[in-house]
Each structure stands twice: as C-alpha cells, then as structure tokens.
Amino acid sequence: MDDVAPALGSRTSPAGDPLTVLVVGGGGREHALAWKLAQSGRVARVLVAPGNAGTAREPGVENVAVGAENIEGLAALAHGRSVDLTVVGPEVPLVAGIADRFEAEGLRIFGPSAAAARVEGSKAFTKAFLASHGIPTARYAEFTVADKAAARVRQQGTPVVIKADGLAAGKGVVVAQSEPEALAAVDEMLSGRAFGDAGRRIVIEEFLVGEEASFICVVGGGRAVPLASSQDHKAAGEGDTGPNTGGMGAYSPAPVVDAAVHERIMREIIRPAVEGLAAAGIPYTGFLYAGLMIDAGGAPRVIELNCRLGDPEAQPILLRLRSDLIGLIEAALDGSLAGVRPEWDDRAALGVVMAAAGYPGSCDKGHPVTGLDDDVPHTKVFHAGTSADGNRVVTSGGRVLCVCGLGDDVGAAQCRAFERVGTIGWNGAWHRRDIGHRAIARERGRRRH
Ligand code: AMP
Ligand code: GLY
C-alpha cells in the first residue's frame, strides 16, 4: 500500500469485541470509508457491498456481491454475517429507507431515515425547510406547470438556476446563462424527458455569486460535529466549465472556510438545520453535507443539502482524519457527540478524478488499468469504477479512480497527486489538470504578501 497510513497513524485501543462493519456502496467514497474503518483497532473486518477492485485489494476488507440499492439483500447480509454496524455511502438507499428497515430489524446503521434523507431527496422540501427556519439560501419558487415556470424565468432574467426536485445523480441542475437555455431546461425537466418523475416538479432559483465549499458534519443526538472543510470541482471542463458531473476532484481544507466563516456556517446553517429537523419530528443521524456558496463578505448560503458524505470530497477528507472514524460514528449513534473534536493531519489533501472516455455521458468499459502497483509516498489511490478481471483491474464506470496526494499546502498536495496520476493509465483515461486552482491562487497570493 502507498505510504500514507503511517502518517495517519492512530489506531485506537480495542474496547469490547472486534466489530464487523458493512459499508454500502461501490464508489471512491466507499473505498475511502472502508480503508479508514479497517484501520480502527476495534474493527475485525469490513464488508463492502458491492465494493470495487480497490476495496477487494484493501487489507481487512472483503467485497460482497450485493447491490447498494438491494435493501432486502443488504439486511439479509447484515444478519447472515453478524454485522455490528452498517455505514451507508450513497443517497439512493437512504432516500429509499434503508435506515428505517435496518432499525426495524434491530440492525445498527449510520445514516438518516427516509424522512430525514428528504434533505437530498426533494429540493422543494429542503427549500421550504430552509426558508421556514431562516437559514440563508437562494430565493426560489417551485413549479409543476411549464407556462408558469417560463413566466418566472422571463421575470427573473439570467443567469438563472433550474433544478429537478428529485434525485438525478448530481446532474439535475442547470445554471442557464441565456433565456432560451433556461426555457429548454424547464421544458426538458417538466416533460419528464430529462429525469423522468424526478423532474416533473422543479425549483427555479436565484443565481448565487461567490466561492463554493462543501461542509460535512457527523450528526446524531441533536448535535453536529464538523469534519474538515473541502471543495470539489463539479464541472467536467478546466476552469470549471462544461456540464456538471458527480465531481472531478476535491481538496481539503478549503481556504475559503476560515475560522470566522466556519463559525458562521455552524451558527447560521448547521445548528439551525439539525435543531429544526429534530423540532419537526425528523431527528437526523448520519453524515450531513451542506453545499455552500460563500460570498465576498464571508456570508454562507446553502446551495444544497445532501444526506451523505460527498464523493470525491470524502477521499481527501478521510485521508486527513487522524481520529478513529468508528469512535465518531458511535458517538453520533449514542448521542454523545458533545465535546467531540476529531483530529486532523495538518497537511492538505487533494484528489484528482481519473475518468473514462465519454464521461459524464456514457462510457465504454473493460479497459485494463496500468500503474496501480507502484508505490509513491504520500499518495493514495481510491478506486471508483473498477472491477477485477482475474489479476487485472479493468474500468467499469465513468469516474474510475480518485488519485490523492498529501502535502504541506494544496499546491504541494496537487503536485503529489498529479505525479501519481502520471504513472497510471488506460485507453481513454482523462482528468482535469486544474484541480485546486482557487486554493492554489490564494496560496500564491498569500506568499506574495
Ligand atoms: P447542486 O447539485 O444543487 O449542488 O448544484 C450543482 C452545481 O450547480 C453547484 O455545485 C453550483 O456550482 C451550481 N449551482 C446550484 N445552485 C446554484 C445557485 N443558486 N447559484 C449558483 N450556482 C448554483
Ligand atoms: N461531490 C458532490 C457530491 O457528492 O454531491
């Protein structure tokens, strides 16, 4: 394995019987979760359903061929293998009620109920919730009828943001620069052509200006403990241009979230959201992700809430986490998060997504990946769309790998990550060459002053 585990150190001393942990999902976020959980001195075995070629190779980790959306099969697996704790990566099983089902069967699980996962499952629900609790977000209106939506677009002017209400794999948002583009998006969504039923209700939003950051917390018992800040790059093209993707790279920490902004995010967004959900009879347990726009004055506003860790944000965040993740999760489940402060590697971490030809559209699969066995210090390769073909690793999805580096600042972490990217390849591999550009510009500005 690459030389990062010693730097991250800190295995906790065992307390109680060793645990069997199940991670649900098969992407880069789940590889990072499984890798981190397997480092805990309290964990005997990590099962990943369905996992990928990277989790299959990870010491202490075992793939099980059950799909992440097969709640029935996952519950049977948890019973059959005496799983002590299940950690859910993706939003789809959460929105579909995996946590409710597991709890009803006496299985311990870390993730929100279906009611609480609506923060991600319905943009209309979230906008109404934020508005009624005075949590800052873009002004908006909700539509199911095309004529009324078109009138709103004309009245509001451009740029304007059109969002499908339901889940659309991170692709249900159009930031329209022109009126025809906005009207086309309205029509595509409301007709059901773009996202099926997920788009038959839409939200039309004011365009927010500023710098984005991802702010993810561990939540339980009415409290939230923030993880390190991060920033991802959602657009496919360099300079943050082109179509939206699941995310082309991410880094942690995000310099835009300084101590003052951090405090405002907790005070103005996270605490009122967690308390407001609990007061509405929807207590939240799990990772809570706030996608934020920070304006020039440091005021944060919510772009979106997600009911899970970000992907690829989880990869650099977990690479920096020194504390035992199991301890954090158990504190959330036991309602004892008060006073908990995770420890972080002081260094920055940056992950570059290596994608298959065609991504974010349809991609061909089955290309052998080379260069994975090299050992490059201070780097870690998390797999996403890979599968094992005998001894070979082959591509099996759009986002194939997230190649991470650690360094004294984001610039140094970027150098390490790109150095590692340069040693890996397959037919059609591509990546953005500017991951971290905003943070690196800030670092250069600081050095000049
Ligand atoms: P979402 O899936 O809601 O995070 O939206 C995807 C991306 O669209 C975000 O990361 C932003 O870059 C952009 N976006 C969404 N809503 C807004 C908004 N109200 N103003 C500006 N950009 C936005
Ligand atoms: N990287 C964005 C997300 O996970 O939603």
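Annotation: Ala413 fulfils all but one of (1) more than 16 Å from Asn52 (Cα to Cα); (2) within 21 Å of the chain's Cα centre (by Cα); (3) of a type outside the set (Phe, Trp, Tyr); (4) open to solvent by 10 Å² or more (accessible area, probe 1.4 Å); the unmet one is (4). For the stretch 239-255, a residue qualifies if it is modelled with pLDDT of 95 or more and open to solvent by 10 Å² or more (accessible area, probe 1.4 Å), and exactly one does: Pro253. Taking every residue in the stretch 284-302 that is basic (Lys, Arg) and pairing it with any residue that is within 14 Å of ligand 2 (Cβ to nearest atom) and open to solvent by less than 10 Å² (accessible area, probe 1.4 Å), at least 6 positions away or on another chain, the pairs with Cβ-Cβ distances below 9 Å are Arg301/Leu292.
If you go through the stretch 429-449 and keep only what is in contact with a strand residue (DSSP E or B) (Cβ under 8 Å, 6 or more places away or on another chain) and open to solvent by less than 30 Å² (accessible area, probe 1.4 Å), you end up with Arg432, Ile435, Gly436, Ala439. The set of residues from the stretch 168-194 being part of a loop (DSSP other than H, G, I, E, B) and within 12 Å of ligand 1 (Cβ to nearest atom) comprises Ala168, Ala169, Gly170, Lys171, Gly172, Gln177. The single residue among Thr379, Thr386, Thr395 that is among the polar types (S, T, N, Q) and within 19 Å of the chain's Cα centre (by Cα) turns out to be Thr386. For the stretch 133-147, enumerate the residues that are modelled with pLDDT of 95 or more and either in contact with a Cys (Cβ under 7 Å, 6 or more places away or on another chain) or not in a loop (DSSP other than H, G, I, E, B) (or both). Thr137 - this is the single residue of the stretch 133-147 that is modelled with pLDDT of 95 or more and either in contact with a Cys (Cβ under 7 Å, 6 or more places away or on another chain) or not in a loop (DSSP other than H, G, I, E, B) (or both). Only one entry of Val173, Val186 meets the criterion of being within 16 Å of ligand 2 (Cβ to nearest atom) and not hydroxyl-bearing (Ser, Thr, Tyr), and that entry is Val173. Ala441: at pLDDT 95 or above and aliphatic (A, V, I, L, M), yes or no? It is false that Ala441 is at pLDDT 95 or above and aliphatic (A, V, I, L, M). Contact annotation: residue pairs with Cβ atoms under 6 Å, 6 or more positions apart or on different chains, pairing a residue in the stretch 198-212 that is part of a helix (DSSP H, G or I) with a partner that is open to solvent by less than 50 Å² (accessible area, probe 1.4 Å) and within 16 Å of ligand 2 (Cβ to nearest atom), are Ala198/Ala164; Ala198/Gly166; Ala198/Ala168; Gly199/Ala164. Highlighted here would be strands (runs of 3 or more DSSP E) found entirely within the stretch 30-113 that include at least 3 residues which are of a type in the set (D, E, K, R), but there are none. Considering every residue within the stretch 286-296, establish whether at least one is surrounded by fewer than 23 Cβ atoms within 10 Å (Cβ to Cβ) and either away from ligand 1 (no atom under 16 Å from the Cβ) or charged (D, E, K, R) (or both). Yes, there is a match, as at least one residue in the stretch 286-296 is surrounded by fewer than 23 Cβ atoms within 10 Å (Cβ to Cβ) and either away from ligand 1 (no atom under 16 Å from the Cβ) or charged (D, E, K, R) (or both). Taking the stretch 391-408 as the range and being open to solvent by 40 Å² or more (accessible area, probe 1.4 Å), in contact (Cβ under 8 Å) with a residue 12 or more places away in the chain and out of contact with any Gly (no Cβ under 7 Å at 6 or more places or on another chain) as the test, the residues that pass are Arg392, Asp408.
The values are calculated or read from the model by the stated rules, or taken from the named source; none is laboratory data. Note that this is a predicted model, so its numbers are computed, not measured. Please note: Cβ atoms are built from the backbone with ideal geometry, for glycine as well, and neighbour counts cover all protein chains shown. SASA here: full protein model, heavy atoms, side chains in, ligands and nucleic acids out. Shrake-Rupley method; radii C 1.70, N 1.55, O 1.52, S 1.80 Å.
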